[in-house]
Ligand code: NDP
C-alpha cells in the first residue's frame, strides 16, 4: 500500500516496555487537522526518558515517541497551514500523549505548529530542536529580567549537553562572558569553541549547598536542577537572575530564601512544552537571527531512526555531546 511508512513505537509489555519498528499507514495516526511529512526529528533528554521508561513520560500506549520534528504539510484542515508549508513542532505533549516525530508522517493539531524560519534548513531546525529552543527561551528570560553583559558572566550548567551547548553559543554571540560547568573536562576545547571563556568542574556545584556563596555570576542557564541549581542561585550576584529549565541531576531544589531576600536574585521558570505560540515564534525568530550556524554544525551529529534506541540510553548516561538530529 502506497501510504505505508516506518515508525518507531514503544509498547507496554508485562516486563515494562519495548521498542519496535513497525510499518503503519496514516490511518494508524492519531487525530489532528494537519498531516505532516516528517523529514527530521531529534533525541532530547525527554525522548531518552520516554524510550527507556526511566521516567513516566509516555501517557498513552503504544506510542510513537519524538517530542519534536520538522517537515512539510501534506494536507491541512487548519486555516493557518496549507500543503507545502514547512513546519516545526516542539512539545505540546507530542511523543508523550500524542504520536510524535519518530515516523515518516505525523498528524497533529495545527495550533501546535510553528512555521519554519526561512533562514534555517529543516536539518538546522532539528539540530536546534527542543533543547535549543529551550536554551533560547532561557536566554530571552534572562534578557527580560534585565541581565546585561556588563553585569558579569553567565554560568551554563550541563554545558556539554543540548540545552547547555546551544545556550553557550547564543550567550557568546550576544556578548556575554560564559562560564561552562561540565562533568566532562575532556570537552573543554569543544566548549571553548562554542564561546565559553571559562570551564569549571561539575563537582564544584553538585555538592551540598550553603544558603549564600561568593557572588560569582550575574545570571545562569541551569539544565541540571537539584543541588547544582541551589549552588548556582547561592553564588548569583546581587540583582541577578537564574533560568531553571532542567533536572539532569534531580528534581529537588534544596535552597533557602536567602539569595532571594538578601540579594534580590530572581529564579525564572522555563517551560517549552506548553509555551504559548507567540513566545515560540519569538524564540524561533531569535534563533534564526542569533545562533552562529557554524557552531550549530560543530555541536551536531546526524543519526538514523535505527540509531535512536541506543542514543536514548546514551543521552540519559550523559554521553551525548551537543545535539543529535534524526534523519527520518
Ligand atoms: P542532555 O543530556 O543533552 O544534557 C544534560 C547535561 O547535563 C549532560 O550533557 C551533562 O552535561 C549534565 N548532566 C547529566 N547528568 C548529570 C548529573 N547527574 N549531574 C550534573 N549534571 C549532569 O539533555 P538536554 O540538553 O536535552 O536536556 C537538559 C535538561 O533540560 C533535561 O533535564 C531536560 O529534561 C530539560 N529540558 C527541559 C525543557 C523545558 O521545557 N523546561 C525542554 C528541554 C529540556 P556535562 O557532561 O557537560 O556535565
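The values are calculated or read from the model by the stated rules, or taken from the named source; none is laboratory data. For clarity, every value in this text was computed on a predicted model and none was experimentally measured. Note: ideal-geometry Cβ built from the backbone for every residue, glycine included; neighbour counts use all protein chains shown.
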(request) With respect to residue 80, determine if the residue is assigned to a loop (DSSP other than H, G, I, E, B), surrounded by 14 or more Cβ atoms within 10 Å (Cβ to Cβ) and touching a strand residue (DSSP E or B) at 6+ places or on another chain (Cβ under 9 Å). (result) yes
(request) Sort out which residues of the stretch 60-72 are surrounded by fewer than 20 Cβ atoms within 10 Å (Cβ to Cβ) and in a strand (DSSP E or B), and write them in order of number. (result) 72
(message) Looking only at the stretch 180-197, count every residue that is closer than 15 Å to residue 216 by Cα and surrounded by fewer than 15 Cβ atoms within 10 Å (Cβ to Cβ) and tell me the total.
(response) 1
(message) For the structure I just gave you, tell me whether residue 275 is within 16 Å of the ligand (Cβ to nearest atom) and within 14 Å of the chain's Cα centre (by Cα).
(response) yes
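Looking only at the stretch 104-139, how many residues end up being closer than 12 Å to residue 285 by Cα and either without any contact (Cβ under 8 Å) to a residue 24 or more places away in the chain or not in a strand (DSSP E or B) (or both)? Steps first, please.
Step one: list which residues in the stretch 104-139 are closer than 12 Å to residue 285 by Cα, which gives 114-120, 125, 133, 136-137.
From what's left, either without any contact (Cβ under 8 Å) to a residue 24 or more places away in the chain or not in a strand (DSSP E or B) (or both): 116-120, 125, 133, 136-137.
Summing the residues that are closer than 12 Å to residue 285 by Cα and either without any contact (Cβ under 8 Å) to a residue 24 or more places away in the chain or not in a strand (DSSP E or B) (or both) in the stretch 104-139 gives 9.
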(message) Pairs needed: first member in the stretch 19-30, exposed (fewer than 14 other Cβ atoms within 10 Å of the Cβ); second member anywhere, outside any strand (DSSP E or B); C-beta distance under 7 Å; at least 6 residues apart or different chains.
(response) 23/4; 25/1; 25/3; 25/4
(message) I'm checking my understanding of the structure. Among residues of the stretch 299-312 that are over 17 Å from residue 67 (Cβ atoms) and under 17 Å from the mean Cα position of the chain (by Cα), which one is nearest to the ligand (Cβ to nearest atom)?
(response) 299
(request) Could you list all residues from the stretch 140-179 that are touching a residue at least 60 places away in the same chain (Cβ under 8 Å), more than 16 Å from the ligand (Cβ to nearest atom) and buried (at least 24 other Cβ atoms within 10 Å of the Cβ)? (result) 147
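Answer with yes or no whether residue 229 is free of Cβ contacts under 8 Å to residues at least 40 places away in the same chain and closer than 22 Å to residue 168 by Cα.
Details: free of Cβ contacts under 8 Å to residues at least 40 places away in the same chain: no; closer than 22 Å to residue 168 by Cα: yes.
For residue 229, the condition - free of Cβ contacts under 8 Å to residues at least 40 places away in the same chain and closer than 22 Å to residue 168 by Cα - is not met.
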(message) Anything in the stretch 289-322 that is closer than 30 Å to residue 17 by Cβ and part of a helix (DSSP H, G or I)? List them, or say none.
(response) 305, 306, 307, 308, 309, 310, 311, 312, 313, 314, 315, 316
(request) Taking only the stretch 227-251 into account, find how many residues are farther than 20 Å from residue 150 by Cβ, within 12 Å of the ligand (Cβ to nearest atom) and either outside the structural domain of residue 136 (by TED's automatic domain parsing) or in contact with a helix residue (DSSP H, G or I) (Cβ under 8 Å, 6 or more places away or on another chain) (or both). (result) 12
